[in-house]
Structures are given as structure tokens and as C-alpha cells.
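What follows draws every value from the coordinates through simple rules; no lab data is involved. If you're wondering where the values come from, they're calculated on a predicted model, not measured in any experiment. All Cβ positions, glycine included, derive from the backbone under ideal geometry; neighbour counts span all protein chains shown.
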Ligand code: ADP
Ligand code: MG
């Protein structure tokens, strides 16, 4: 999860638009309303179905307040809490971590274990070496192999962390914690709680294509498109069931290009290099955090370890598309997915495909 200065500037424009929409919408119940705002370096779309417009406006305000409260604190390269946690690790100091961030980091450590290390939230130093913490940089080139190898000499793993309650110590000062591979999932999970507390049961929270469907999307199942790597069109779609999160990790949104080769922001902890063979992985699960970690881990693991890793993580619904266009699906996904025909309307990943 990255938050660029450009994205932050856009935030206020979107907020102003959202507030204007809210002011003009009081007293009605629209079949469908939607609002957008920029956060976490992407666009968030909030959709409400058969919800009083005033309730939708209140929900959007509360959700946005929540997004702003974690946006900086969960970003390793900002100036919030996670930056201070990483500074303490680098200095060999013990630090007390707030309950929400401690929960995020402890969950990410558990998922590192369950994924056999394919998902690794302690790789921030490798992300920095590759420069993915600053996608706006110019004249980018890949780091030297010798520097990658030198970094991998150290055990960059959550196993080096020790928690006493919410107090953290690390045995390895080179660890830079980066829970970016699950933070959108955690934000979706928290959004579901906020919506439930407000009695809103028919909404979609869409964080740049990673989304959660709380209810029936206005009496009919929401059709969610799965984007073709590179094409921007939906190659497939599925009907989301209430409470499901649909999360995609891909090689096509954040990357550098050098000498005709694409270097994507998801790194293989075994090699220290960006994922090469996988183009995208979509995971559907009721736990958005698990779905998010699994999508990243399966992208790393690729075709060969797909079945084994799905089983280890308890994932029944997953689809992997490789850079050469091959697909791997779980049995459950085979029953849920509909391949897009030429006659269907193509839509972006993670966005509704019109019925
Ligand atoms: P996105 O953030 O684009 O939705 P992901 O959920 O796959 O995609 O998260 C990718 C982010 O996770 C990267 O930007 C980086 O911060 C971090 N990351 C990179 N490689 C790994 C990995 N192997 N395991 C866990 N996190 C990773
Ligand atoms: Mg992820």
C-alpha cells in the first residue's frame, strides 16, 4: 500500500466532491448511491443499495474518518506510527505499539507462518532496495545482485519479532515491517464492522479493486469482474455472496520498467527478486485479511505450489493467471467463475459488471 503525494493532493478534490454529493442527497432513499475518495494511493468507491441517502452519507463520513486514521500510521514510509516502530527496530529499542497496529502486525506474522514465508511482512528493506517505496522516482534501475544477496543473508522474518502484549522487540535491526500486503484486507474488515454498527447491510467497499460486499447489493448478487492482466477488461466475473471479500494481487498496477522488462512490486522472499511468472491472483473469502495475504502469497508461489498453498491457507476460491495466459483455479472457483464472452461488457477488475 503506497500513498503518493499526487494521490494525497487528489484526496481533497474527491472529498469535496463526496461532500457535495452528500449535501444534495438528504431525505431520499436511492436505489443505488456511490461516493469516491482517494486514500492509500488509490481510489476508494463506496456503493450503497436501497439505503437512505442520509445514512449513506453518514457511513461515508465514518468510513473516511477511519481511513484517514490508519492511512499514515500503517504506512512504513510515512511519518506515522509504523515509521516510528521501524525506527525503534532499527535502533534495537523496544516499543509499545497501539492495539490496531499490533493486531495488524501480529496477524501478518501468523500469515507469514501459514504461507510458508511466501507472504512476508518483514521485507520492507528489500522493497526499499528495489525502490518500490517511491514509485515516482526517475532513472530507476534494478539493484545489484550482490546487494540483494547481502540483504538476504539476514533473516528478514516476523520470527525475529518478540511480542509481550503489545510491546515489540526485534532481534534483527534490518527488519522494516511492511504490512502493505494485508492492510487493504484489514481496512475492508474494519469497514464491514463500521457498516454493521450503522445497520447498513447492502453496500460494497471497493479499495482500488479489492472489495467487500456486505449484503445482496440491492436484491441481486453483485457481479464482480476479474480483470485481464494488462488489458483492463474483465476476463471473467463472479457473483459475490453477502460478506465475501474479493481481493486481487497483480503485477500490473505498481511496477518499474527497465530495458524492456517489468519489475513488479510483489517480491519473492526466496530469491529477493520481483515475482516473474504470475500476472494476477484473485481470492474470494469471508475474511478479507486472509484473502489479501493469500492473493499476495499465491502470486509469489505461482502455478507449481498453487494447490498446496491454497490448502495450507484454507482457501477454496482462488484464480491464478500467469504472464503467459495460463490459469489455475481451485475446484470451488471453477464452480463460481464465469468466463467473459466477446459479447459481454468488459469492466475493470474488482468493479461491478452490469447485469
Ligand atoms: P496491492 O497492495 O497492490 O493490492 P498486494 O496485496 O499484493 O497488492 O500487496 C503488495 C504490497 O505488499 C507491496 O507493495 C509491498 O508493500 C508488500 N509486499 C511485497 N512483496 C511481498 C511479499 N512477498 N509478502 C508480503 N508483502 C509483500
Ligand atoms: Mg495482498
Considering only strands (runs of 3 or more DSSP E) fully contained in segment 104-219, which possess at least 3 residues that are over 17 Å from residue 86 (Cα atoms) and in contact (Cβ under 8 Å) with a residue 24 or more places away in the chain?
203-207, 210-213
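Among residues belonging to segment 242-259 that are over 13 Å from residue 209 (Cα atoms) and in contact with a helix residue (DSSP H, G or I) (Cβ under 9 Å, 6 or more places away or on another chain), point out the one that is farthest from ligand 1 (Cβ to nearest atom).
Looking only at segment 242-259, we keep the residues that are over 13 Å from residue 209 (Cα atoms), and these are 242-244, 251, 254-259.
Cutting the leftovers down to in contact with a helix residue (DSSP H, G or I) (Cβ under 9 Å, 6 or more places away or on another chain) gives us 243-244, 251, 256.
Values: 243: 20, 244: 17, 251: 9, 256: 12 Å.
Top of the filtered list is 243.
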Specify the residue that is surrounded by the fewest Cβ atoms within 10 Å (Cβ to Cβ); the eligible residues are those in segment 89-112 that are within 16 Å of residue 157 (Cβ to Cβ) and within 16 Å of ligand 2 (Cβ to nearest atom).
110
Out of the strands (runs of 3 or more DSSP E) lying entirely within segment 225-315, which hold 2 or more residues that are away from ligand 2 (no atom under 12 Å from the Cβ)?
234-240, 255-258, 261-264, 278-285
Taking segment 308-320 and keeping only residues that are farther than 12 Å from residue 293 by Cβ and loosely packed, with under 14 Cβ neighbours inside 10 Å, one is left with 308, 311
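Search segment 323-338 for residues being touching a strand residue (DSSP E or B) at 6+ places or on another chain (Cβ under 6 Å) and not in a helix (DSSP H, G or I), and hand back the single one that is farthest from residue 182 (Cα to Cα). Before the answer, list the steps.
To start, the set of residues in segment 323-338 that are touching a strand residue (DSSP E or B) at 6+ places or on another chain (Cβ under 6 Å) comprises 323, 327-330, 332-333, 336-338.
Add one more test, that the residue is not in a helix (DSSP H, G or I), and what stays is 323, 327-330, 337-338.
Numbers: 323: 23, 327: 24, 328: 22, 329: 22, 330: 21, 337: 24, 338: 27 Å.
Of everything passing the filter in segment 323-338, 338 is farthest from residue 182 (Cα to Cα).
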For residue 245, state whether it is under 28 Å from residue 202 (Cβ atoms), in contact (Cβ under 8 Å) with a residue 60 or more places away in the chain, out of contact with any strand residue (DSSP E or B) (no Cβ under 7 Å at 6 or more places or on another chain) and crowded, with 24+ Cβ neighbours inside 10 Å.
no
